[in-house]
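Presented below is the structure to which this report refers.
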Amino acid sequence: MSQQKLQLFNTLGRTLEPFNTIESSKVGLYACGPTVYDYAHAGNLRTYLFVDVLRRALELNGYDVNHVMNITDVGHLVSDADTGEDKMEKGARKQNKSAWEIAKYFEDAFLDDLNSLNIAKPSIICRATEHIQEQIEFVRELEQKGFTYQTSDGVYFDSAKLPDYGKLAKLDREGLEAGIRVEMAEKKSPTDFALWKFSGDTPRQMEWESPWGVGFPGWHIECSAMAEKYLGEVFDIHVGGEDHIPVHHTNEIAQCQAKNGHVQANYWLHGFFLQVNKEKISKSGTSLRLDALIKKGYDPLAYRYLVLTSHYRSHLSFTWESLDAAQTALKRLKTKVSALPEGGKVDQTFIERFISLINNDLAMPQAIALMWELLGSALNDGDKKATARYFDRMFGLELDKVEEVEIPREILELVELRLQMKKQKEYKQADEIRQKVTELGYSINDVGDSSTVSKQG
Ligand code: AMP
Ligand code: ZN
């Protein structure tokens, strides 16, 4: 087969690059996880759908993926400039629960959302609060190498010590410094960031002893420390949403480069935002949760379909009309694919075209269009089914899964009674029972000596 090799757009360098791994058939993938102080919104979930598509594409190319995702359950402050309250402590106050309780509650809710969207669970899920020692060690090494300084409220990374600080976002550190309008507090430069914050006078639920004083880790250090623990000093891919480019990932790169002398991951990929009326969605402001969509009668996989119809590097504007259209399209696809007969084989020409699209930086909208082309093509029905099923390994839309309807016990008992009547040759009673079952909305099909029952469509 002569399909195209996988190419991905690397934010570091801003080009489409052929994908090459460190170890031939293995991929180390780190995805920045959610901050669990509230429910995830549809925008957050778009980013995890993108990660899922990426992972499936890697698997389709034969790679064995070690997928690590963190849970930010401490240290993410309300402002990216290292000021303001910890989102967890604020969430706890709002909900009148402990920070530990809300972390667990919203982590579970997030994992349920992943499940509803058919997003594969990461191989390793790691919580920031369970890796405090690793983070302290990381900061200590940075300190020993001369990259830190202390203020009255914490230990900071000294970005001036790293000549190419900001290369991911192409940040102009000097320009930023000249026009200092960013919150600075006691920081020497606006691009410096907290590695360890002191609890100070504010009582906190989450705090730990450290060589510098009681406090909690900064947000960026958790990802670098845990990624290194589970994937090593250098691994293949680091992903997150586009908002991570100028601050979180820039700072992750800086601290790893300072400690280890090189960038932590070879490829940095970013999913673009979902917007509502061109506005940013946020957990606290304009919010849109998956369970709200489900309550309105949408299949969560209709949202998955909608996300697949846009490329991960373009903004997606959410509208109810587009979700309606996605739900209709998904239903039609499922009906068509599940009605096709078994026993065919995959069509190599379609597969080759499909993989070339996937490998062209995950061109999912075109891959979805190819699915429709396949179903409308002159290919025989059995081969169509086998090929559609292959495509669905990427889509994850469960296209040939027929809805299973639970049959009430009362109906099952009637079916059983009818069989007994038939055995005893009481055909009149048997017919009456069939009539009753039909009136209750179910159909009986006799297969030899037994019967099957299904809900009338
Ligand atoms: P958070 O829970 O805020 O830490 O965010 C979890 C993930 O969702 C991060 O990778 C963010 O970059 C991403 N994210 C936040 N808002 C959006 C949005 N509107 N659209 C897509 N991704 C988002
Ligand atoms: Zn991260």
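The values are calculated or read from the model by the stated rules, or taken from the named source; none is laboratory data. Not measured: the values here are computed from a predicted model. Virtual Cβ from ideal backbone geometry, glycine too; neighbours counted across all protein chains shown. With ligands, DNA and RNA removed, areas are computed over all heavy atoms of the protein, side chains included. Shrake-Rupley method; radii C 1.70, N 1.55, O 1.52, S 1.80 Å.
Of note:
- Per the conditions (1) open to solvent by 10 Å² or more (accessible area, probe 1.4 Å); (2) under 26 Å from residue 267 (Cα atoms), the sole criterion not satisfied by residue 100 is (2).
- Output for region 196-213, where each listed residue is modelled with pLDDT of 95 or more and in a loop (DSSP other than H, G, I, E, B): 209, 210, 211, 212, 213
- Count - residues of region 229-251 that are in a helix (DSSP H, G or I), touching a residue at least 60 places away in the same chain (Cβ under 8 Å) and of a type outside the set (Lys, Arg): 7
- For region 303-321, the set of residues classified as open to solvent by less than 30 Å² (accessible area, probe 1.4 Å) and part of a helix (DSSP H, G or I) consists of 303, 304, 305, 306, 307, 308, listed by residue number.
- Residues of region 232-252 that turn out to be within 13 Å of ligand 2 (Cβ to nearest atom), more than 18 Å from the chain's Cα centre (by Cα) and open to solvent by 30 Å² or more (accessible area, probe 1.4 Å), as a count: 1
- Residue 251 fulfils the conditions (1) modelled with pLDDT of 95 or more; (2) over 19 Å from residue 50 (Cβ atoms); (3) out of contact with any strand residue (DSSP E or B) (no Cβ under 6 Å at 6 or more places or on another chain) except for a single criterion, (3).
- Residue in region 68-82 that is assigned to a strand (DSSP E or B), β-branched (Val, Ile, Thr) and open to solvent by 10 Å² or more (accessible area, probe 1.4 Å) present: no
- Residues of region 379-434 satisfying the condition of being loosely packed, with under 13 Cβ neighbours inside 10 Å and among the hydroxyl-bearing types (Ser, Thr, Tyr): 427
- Any hit, region 58-76, residues being among the aromatic types (Phe, Trp, Tyr) and in contact with a strand residue (DSSP E or B) (Cβ under 9 Å, 6 or more places away or on another chain): yes
- Residue 255 meets all of the listed conditions (1) open to solvent by 10 Å² or more (accessible area, probe 1.4 Å); (2) more than 16 Å from ligand 1 (Cβ to nearest atom) but one, namely (1).
- Residues in region 8-52 that are closer than 20 Å to residue 289 by Cβ and over 11 Å from the mean Cα position of the chain (by Cα): 35, 36, 37, 38, 39, 41.
- Filter result for the condition that a residue is buried (at least 23 other Cβ atoms within 10 Å of the Cβ), in a helix (DSSP H, G or I) and of a type in the set (D, E, K, R), over 46, 55, 93: 46
- Members of region 139-155 that are open to solvent by less than 10 Å² (accessible area, probe 1.4 Å) and within 22 Å of residue 262 (Cβ to Cβ): 139, 142
- Of all the numbered requirements in (1) within 16 Å of ligand 2 (Cβ to nearest atom); (2) touching a residue at least 60 places away in the same chain (Cβ under 8 Å); (3) touching a Phe, Trp or Tyr at 6+ places or on another chain (Cβ under 9 Å); (4) within 16 Å of residue 238 (Cα to Cα), residue 37 misses one, and that requirement is (4).
- Subset of region 435-449 [modelled with pLDDT under 85 and either open to solvent by 100 Å² or more (accessible area, probe 1.4 Å) or of a type in the set (Gly, Ala, Ser) (or both)]: 443, 448, 449
- Residues that are modelled with pLDDT of 95 or more, open to solvent by 10 Å² or more (accessible area, probe 1.4 Å) and either part of a loop (DSSP other than H, G, I, E, B) or within 16 Å of ligand 1 (Cβ to nearest atom) (or both), drawn from region 13-24: 20, 21, 22
- Test: residue in region 218-228 that is more than 12 Å from ligand 1 (Cβ to nearest atom), open to solvent by less than 30 Å² (accessible area, probe 1.4 Å), at pLDDT 95 or above and not in a helix (DSSP H, G or I): no
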